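Working notes, beginning with the structure itself.
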Amino acid sequence: MDLPNPTVESQREADFRSASKRICVIGAGASGLAALKVIADTPQYKAGLWQPVAFEAREALGGVWLPGPPTKDPPDTPMYDSLTTNLPHPVMAYTSFPFPPSTPLYLPAADVLKYLGSYAAHFDIEKHICLGTSVELADWDSLVSQWHVRTRTTGSDRQDVVTTTDFDLVIVANGHYRVPYFPSTPGLAAWRDAGKLMHAAWYRHAEYKGDTVLVVGRGPSGIDIADEMKAVSKTIIQSAPDTKPSQSEDGSLKSRGRITEFLDVQKGCVRFEDGTSESDIDFCILATGYEHSQPYLSSSILRTSLPPPVPPLPKQLYNSKFHIFPLAKQIFPLVPSIPPSSLAFIALSYRVAPFLLAELQMRVVVKVFEDPTILDPAREAVDIISRYEELRALVGDNEQLIARLWHRLEEQAQFDYEDELLAFMAERFSDSEEKVPRWLRELYPQKLTIRAEWQDIVKRGEADVWVKGVGEAGGAAGMAQWVDLMRKLIERSEQRHSEVTVDTAKMNRL
């Protein structure tokens, strides 16, 4: 067996690290900005060797946080007028850039957009963003080991505004909250054709759609939309899988399970998974999520369909609409046709704190871009197959459900994944290993409690008093102040519920 020559390998490594590289970032939302910031931190960028450019199709940075009218198909953003964050900002923020002191714990979308602008300005990365520029095609040329990226001025049909540029590296950061997912439920298309159904991507605020409105989905947007529509409708029916049928005392809010069929559109009938049905529904809003979409990647690189069962790993990269597969560390393509170190997908995961995750994934990306040899394809293949087998043991041979769960990292799973990324970097680049802060693991499961208490404080007009001066210590001390505040909110909740329990017990004894 021929062993590698350490001197030769060291020289190759040095040559790669010192080589000039052009880096294409697709998207200038939260993930694209994180990509630019982390690239700008590298010694290669500071030496003028790495030259990044981010292409953003819209007129300003911000991605989904940049508001827009629901006039396109699909709209540029699904953001509705009343949207506020569903995570406290110390949990949500980029690790490198906390929100200002005394900031309310939960924020309207406009404040998040302002935060993203401040992040870009603080790290001086705006100069690398080409606004109003859409990526039409990104194709890998194996003969020259470069990407040919074709861009066009957004909205223009003129050929003279089309440009093709060669890049060494491409980072996919266009997000996954634009193209709406319409379930294949029988009868749904007829409701849509009749104008009695729309996806939440087009929702902006409550409008009268009839006395009885059906909301499908119970994620954050589904909950918000159902709550808002109660103000303009007599009855709201909310459908979500595995939900036990129930209704409020006055019948104005009904909870139902998964819909198995949309029946007569004129009669407004639907059937649920337990066999029951509802009729006289005037309108339906689907809060059923979004599809992964990278239409600029050529079909020779990314095939749009479910991948075949595993093992073995497919030799082609797939977009199932629910996941991108197979990716090493949920970031790098693990297929023969593309070097893993030439392409990266960031922030594909959902039900996570995405800003923090995007920065961390990008720290891994720049290390792999710098030295491709640190990624072990055989080890990564084993990890992918192991995850596949874990999910198959959980849900059986349902390939679509496995795909749906692939990028889902709920609760502690996201922090386990982040610790794995930190361990990967520590193993190769440092003697000490970082860990996700303990307070994140402690407080993240309490996010609903924290939010409920904050909403009560806002209603009482006490919010400004609670946050006044919090975070002013700066750095780790400032974060400790925010952590202490969130713990106090949890204590407040426990105390309030304890008082209610005591009062109830007293009433029962009377």
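The values are calculated or read from the model by the stated rules, or taken from the named source; none is laboratory data. What you are looking at is a predicted structure, and each value in this text was computed from that prediction instead of being measured. Here the Cβ is made from the backbone with ideal geometry for all residues, glycine too, and neighbour counts use every protein chain on show. Heads up: the accessible areas ignore ligands, DNA and RNA and are worked out on the full protein's heavy atoms, side chains in. Shrake-Rupley method; radii C 1.70, N 1.55, O 1.52, S 1.80 Å.
3J(HN,Hα) along segment 386-392, derived from phi through the Karplus expression 6.51 cos²θ - 1.76 cosθ + 1.60 where θ = phi - 60°, amounts to 4, 5, 4, 5, 4, 5, 5 Hz, with x in place of Gly and Pro. Start at zero, step by 5 Å, and the Cα-Cα distances of segment 371-438 spread as 3, 14, 18, 21, 19, 14, 8, 3, 0 percent across the bins.
Could you work out the per residue convex hull volume over the alpha carbons of segment 135-266, in cubic angstrom?
Convex hull volume per residue, Cα atoms: 181 Å³.
The mean sequence distance of close C-alpha pairs (under 8 Å, at least 6 residues apart), as a share of the length of the chain, puts its relative contact order at 15 percent. Once Lys and Arg get +1 and Asp and Glu get -1 on their Cβ, which of Thr304, Phe369, Leu317 lies farthest toward the positive end of the dipole of the chain? Ranked along the dipole, the leading option is Thr304.
Report the far tail of the P(r) of segment 307-393, meaning the percent of Cα-Cα pairs longer than 19 Å. Please report the intermediate quantities before stating the final value.
On the way: 1472 of 3741 pairs.
More than 19 Å apart: 39 percent of the Cα pairs in segment 307-393.
Taking a straight line from the alpha carbon of Lys46, these lysines sit under 26 Å away, with near neighbours fewer than eight places off in the same chain left out: Lys21, Lys37, Lys127, Lys367. Per-residue extension of 0.36 nm, minus the Cα-Cα distance of Asp280 and Leu401, leaves a gain of 40.4 nm for this segment. Counting only residues at least eight positions apart within a chain, or on another chain, the aspartates and glutamates with an alpha carbon under 19 Å from that of Lys209 are Asp81, Asp193, Asp224, Asp227, Glu228, Asp264, Glu278, Asp280, Asp282.
Radius of gyration (Cα atoms) of segment 236-309, expressed as a multiple of 2.2 N^0.38 Å: 1.57.
With the cut-off at 26 Å, tell me which of the pairs Lys329/Lys435; Lys230/Lys267; Lys72/Lys267 have Cα atoms farther apart than that.
Numbers: Lys329/Lys435 17 Å; Lys230/Lys267 21 Å; Lys72/Lys267 30 Å.
Table pairs above 26 Å Cα-Cα are Lys72/Lys267.
Each DSSP beta bridge with both residues in the chain is either parallel or antiparallel, and the antiparallel ones are about 45%.
For the chain, treating each Cα as an identical point scatterer without solvent, what Debye log10 I(q)/I(0) comes out at q = 0.07, 0.10 1/Å? Log10 I(q)/I(0), no solvent term: -0.44, -0.90.
Taken over the C-alpha atoms, segment 120-203 has Rg and Dmax values of 18.9, 52 angstrom.
Ranked by the mean number of other Cβ atoms within 10 Å of their residues, highest first, the peptides 216-223, 21-28, 87-94, 391-398 come out as 21-28, 87-94, 216-223, 391-398.
When the helices in the chain are scored as -39500 (n - 2.57) per DSSP H run of 4 or longer and the sum is shared across all residues, what 222 nm value do you end up with, to the nearest 500 deg cm²/dmol?
Details: 15 runs with 183 residues, N = 510.
Calculated from helices alone, the mean residue ellipticity at 222 nm is -11000 deg cm²/dmol.
Based on Cβ point charges of +1 for Lys and Arg and -1 for Asp and Glu, what charge dipole magnitude is obtained for segment 356-477 about its Cα centre, in debye rounded to the nearest 20? Write down the numbers at each step before the final one.
Details: 16 positive and 26 negative charges, 104 e Å.
Here the size comes out at about 500 debye.
Relative to the longest principal axis of the Cα atoms of the chain, the long axis of helix 6-18 makes an angle of roughly 60 degrees. Angle between the Cα long axis of helix 447-459 and the longest principal axis of the chain, 0 to 90 degrees, nearest 10? Roughly 60 degrees, rounded to the nearest 10.
For Leu197, the amide hydrogen comes within under 5 Å of the amide hydrogens of Cys284, counting only partners 5 or more places away or on other chains and with H modelled in the peptide plane.
On a 0 to 90 degree scale, rounded to 10, what angle separates helix 354-370 from the longest Cα axis of the chain? Tilt relative to the chain: about 10 degrees.
Probe radius 1.4 Å, ligands and nucleic acids ignored: give me the carbon and sulfur share of the accessible area of the chain as a rounded percent.
Numbers: 12810 of 24510 Å².
Solvent-exposed carbon and sulfur of the chain make up 52 percent of the total.
Quick check for me: using +1 on Lys/Arg Cβ and -1 on Asp/Glu Cβ, what's the dipole size of the chain about its Cα centre, in debye to the nearest 20?
Working: 54 positive and 68 negative charges, 139 e Å.
With Lys and Arg at +1 and Asp and Glu at -1, about 660 debye.
Look at the alpha carbon pairs under 8 Å that are at least 6 residues apart: their mean separation over the length of segment 231-352 gives a relative contact order of 12 percent.
If R0 equals 25 Å, the separation of the Cβ atoms of Lys234 and Thr71 corresponds to a calculated FRET efficiency of about 0.25. By the rule of a C-alpha distance below 17 Å, with chain neighbours fewer than 8 residues away ignored, the lysines paired with Lys447 are Lys488. Largest first, the extents of the alpha carbon coordinates of segment 24-135 on the three principal axes equal 44, 38, 16 Å.
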